[in-house]
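S.K.: Before anything else, here's the structure in question.
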Amino acid sequence: MLIISLALVCSAAAQDKKRLAEPGTQANEAATPAKIERMIKEAAKNYKDSGGKEHFGTLSRVTFYDVAQPVDTPEYVALGGQTVLLVTALAQDRDELPLKRAAIRYAGREIELRLVSSVLSQQVTSSSQATKVFGPYRADALYLLPLHLKFEEADLIVDFAKNRTGLRVGQVSGLLTAGKDENLDLPESPSEAALKALIKREYPKFLK
């Protein structure tokens, strides 16, 4: 029992020492969670079933995204009223990635999002439907999303490294349950510990 306890303590300590992947980190596998993988596979299947590949060929580039939710108000405060947005981009051309930038656009204004971490990978399973349709080159990137602005809806836009800028990915909302109190005293930037804890919970593959 003592040996098992020591092993668990050592394992936890090793996890705590993990660092966020530096932007542009090269990896042998993608850094996305299972839910994004399901979205990619489903989109590739729908494209194939609709006859897209037969009629229009492959897609030059495509993006998927996911927003992490602060679990409660204390975490929202520790994050400085921000959260983490994951953007996954796939392309046929290696030079399209990594993304140049991501931004939100609402109420006539555009706010560029701060990049926290990104991982570049190449999918080796060329026989998979997703790779055939969307391409083997991939970038998974985490950005800070300013929830404290409390925007109802904003367009998420990205710029690829070449050929395509201002691509609208979808819509995100800043109206979440956590942090609805207007009188919260928010720090200017997220606590490193809080940010790392959120990423470890939601997107652990970004920790190396």
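Every number in this text was worked out from the coordinates using simple rules, so none of it is lab data. Everything numeric here is computed off the predicted structure, so don't read it as measured data. Note that each Cβ is placed from the backbone with ideal geometry, even for glycine, and that neighbours are counted across all protein chains shown.
S.K.: When only Cα pairs under 8 Å and 6 or more residues apart are kept, what is the percent relative contact order across the chain?
M.R.: Numbers: 393 pairs, mean separation 58.6, N = 208.
Across the chain, relative contact order equals 28 percent.
S.K.: Rg/Rh for the chain to two decimals, with Rh computed the Kirkwood way over all alpha-carbon pairs. Walk me through the intermediate numbers first.
M.R.: Working: Rg = 18.7 Å, Rh = 18.4 Å.
Radius of gyration relative to Kirkwood radius: 1.02.
S.K.: Now a separate question. Kindly put 143, 203 in sequence by how many other C-beta atoms sit within 10 Å of each C-beta, fewest to most.
M.R.: Least to most surrounded, the residues fall as 203, 143.
S.K.: Report the charge-dipole magnitude of the chain in Debye, nearest 20, computed about the Cα centre from +1 at each Lys and Arg Cβ and -1 at each Asp and Glu Cβ.
M.R.: Numbers: 28 positive and 26 negative charges, 157 e Å.
So the magnitude is around 760 debye.
S.K.: Oh, and also: I'd like to know which of 151, 131, 170 lies farthest towards the positive end of the charge dipole of the range 37-206, counting +1 on Cβ of Lys and Arg and -1 on Cβ of Asp and Glu.
M.R.: 131
S.K.: Quick one: of 48/132; 18/196; 41/200; 48/162, which pairs are farther than 19 Å apart, Cα to Cα?
M.R.: Over 19 Å apart, Cα to Cα: 41/200; 48/162.
S.K.: Could I ask something else about it? For the chain, which DSSP H helices look membrane-span-like by this rule: Cα extent along the axis of 24 Å or more and mean Kyte-Doolittle of at least 1.6? Walk me through the intermediate numbers first.
M.R.: Details: long enough: none.
Going by DSSP H runs, there are no hits.
S.K.: Right, another one. Take the range 58-107, compute every pairwise Cα distance, and split them into 5 Å bins from 0; I just need the percent in each bin.
M.R.: Going from the shortest bin to the longest, the percentages are 4, 15, 20, 16, 16, 13, 8, 6, 2, 0.
S.K.: Taking neighbour Cβ counts within 10 Å as the exposure measure, how do 117, 128, 50 sort from fewest upward? Show your work: numbers first, answer last.
M.R.: On the way: 117 24, 128 15, 50 11.
The fewest-first ordering by Cβ neighbours comes to 50, 128, 117.
S.K.: Give me 164, 94 ranked fewest to most by other Cβ atoms within 10 Å of their Cβ, as a rough exposure proxy. Numbers along the way, then the final one.
M.R.: Details: 164 15, 94 12.
Arranged by neighbour count, lowest to highest, 164, 94 become 94, 164.
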